[in-house]
């Protein structure tokens with residue numbers, strides 16, 4: 001199952017790492033104008049995401065083609081299984097629509113659904129639900145179209161995933177993005193991790209030796225078990241830094257009341273070691 005995703009642009013682009021001609025996010029939003037784009041890296045059939053629910057909170061400005069929320073083929077080959085969550089029609093009306101593309105003997109083929117009644121210039125929640133044999137487009141929770149022909153199969157079921165991207169290709173248009181999320185079919189979307197320090201009930205005793213500096217490999221399984229025990233004892237996700245901080249006397253508890261991203265924690269500790277020669281959070 002492809003990993004869930006939650007990007008709010010409060011601290012950069014997150015996993016949307018392939019960025020061109022786009023300024024840094026401001027106030028938790030990013031605006032694309034002119035010729036610009038930001039996408040997940042399309043590195044192979046398993047890249048990106050498969051069956052599930054994709055939601056992008058965005059504002060489209062303009063009445064001609066230019067802005068687009070695009071799910072690009074994971075293998076970066078086109079024509080292919082591109083799915084567009086929103087684009088603008090070329091007739092000057094400013095109408096928005098969703099599209100499923102596929103490769104028809106080397107040529108691009110597609111099927112579209114017009115989003116009747118959707119106004120440009122204001123933020124909407126654009127949602128696409130990708131299921132076996134079915135694509136459903138929604139705007140602000142209302143179903144705007146369903147496609148059941150030429151629906152691609154995702155990587156976990158023998159096909160290919162798609163990567164999430166946002167594009168703009170015209171000087172007369174722009175698109176501003178506030179939030180991007182993906183929930184795998186049957187899964188749940190993680191909440192953004194908030195890091196705070198606060199007074200909590202005493203956590204379970206540390207299982208990591210409380211020395212001033214740890215310069216050997218950390219037992220991540222023991223650390224994970226301790227965090228789980230802390231949650232069961234206190235009702236909060238508490239990451240003890242005693243024993244892995246530079247000074248145990250100044251260590252605090254890092255509190256996560258949402259999902260804990262262990263890959264991020266591990267990457268932070270490794271980066272600290274490479275910079276200072278010591279293991280610490």
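The values are calculated or read from the model by the stated rules, or taken from the named source; none is laboratory data. No experiment lies behind these values; they were computed from the predicted model shown. Using ideal geometry, Cβ is built from the backbone for each residue, glycine included, and neighbour counts are taken over all protein chains shown.
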Next item on the list: Answer yes if at least one residue in region 97-113 is in contact with a strand residue (DSSP E or B) (Cβ under 9 Å, 6 or more places away or on another chain), in the same structural domain as residue 32 (by TED's automatic domain parsing), on the phi < 0 side of the Ramachandran plot and assigned to a loop (DSSP other than H, G, I, E, B), and no otherwise.
Entry: no
Next item on the list: Could you grab me the full set of residues in region 56-83 that are buried (at least 21 other Cβ atoms within 10 Å of the Cβ) and farther than 19 Å from residue 31 by Cβ?
Entry: 71, 72, 73, 74, 81, 82, 83
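How many of the residues in region 16-40 are surrounded by 15 or more Cβ atoms within 10 Å (Cβ to Cβ) and part of a loop (DSSP other than H, G, I, E, B)?
Residues meeting the conditions: 4.
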Check: Can you tell me how many residues in region 141-159 are farther than 23 Å from residue 80 by Cβ and surrounded by 15 or more Cβ atoms within 10 Å (Cβ to Cβ)?
Finding: 1
